[in-house]
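Down below is the structure, laid out as structure tokens.
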Amino acid sequence: MGASLLYLSSCVWHAVAHKEAAMTKEEKHQTKLLAADERPEEAASTLNCNVRTLERRSSDGTGPKMIRISPRNRRVRLGEISGFLDKSEDACSAA
């Protein structure tokens, strides 16, 4: 049983390594952005707003979504922040 589990994990590792090797530099960067996250204080600083404003906008759907890791610990994905900024820029340029 142990050998088959080791073989399976080895196959999974090789599949992931092969997929990462086939990715372009931009795809790797995007993957890192989507996987990374910030504390609400850091995200609010990036967006130049108050933490309470960020929390309110996140809860009413007008801001980047927050992820609850534990009852007292939340994070904001960098991909959410960049997507929110892109959407805001598009809205400003359309006006």
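The values are calculated or read from the model by the stated rules, or taken from the named source; none is laboratory data. Quick caveat, the model's predicted, so the values are computed rather than measured. Neighbour counts are summed over all protein chains in view; Cβ atoms, including those assigned to glycine, are modelled from backbone coordinates with ideal geometry.
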Residue, surrounded by the fewest Cβ atoms within 10 Å (Cβ to Cβ), within the stretch 51-68, restricted to residues that are out of contact with any helix residue (DSSP H, G or I) (no Cβ under 6 Å at 6 or more places or on another chain) and either among the polar types (S, T, N, Q) or in a loop (DSSP other than H, G, I, E, B) (or both): Gly61
Could you please give the count of residues in the stretch 69-95 that are part of a strand (DSSP E or B) and either modelled with pLDDT of 85 or more or of a type in the set (Val, Ile, Thr) (or both)? 5
(1) part of a helix (DSSP H, G or I); (2) in contact with a helix residue (DSSP H, G or I) (Cβ under 7 Å, 6 or more places away or on another chain); (3) modelled with pLDDT of 90 or more all hold for Leu33 apart from (3)
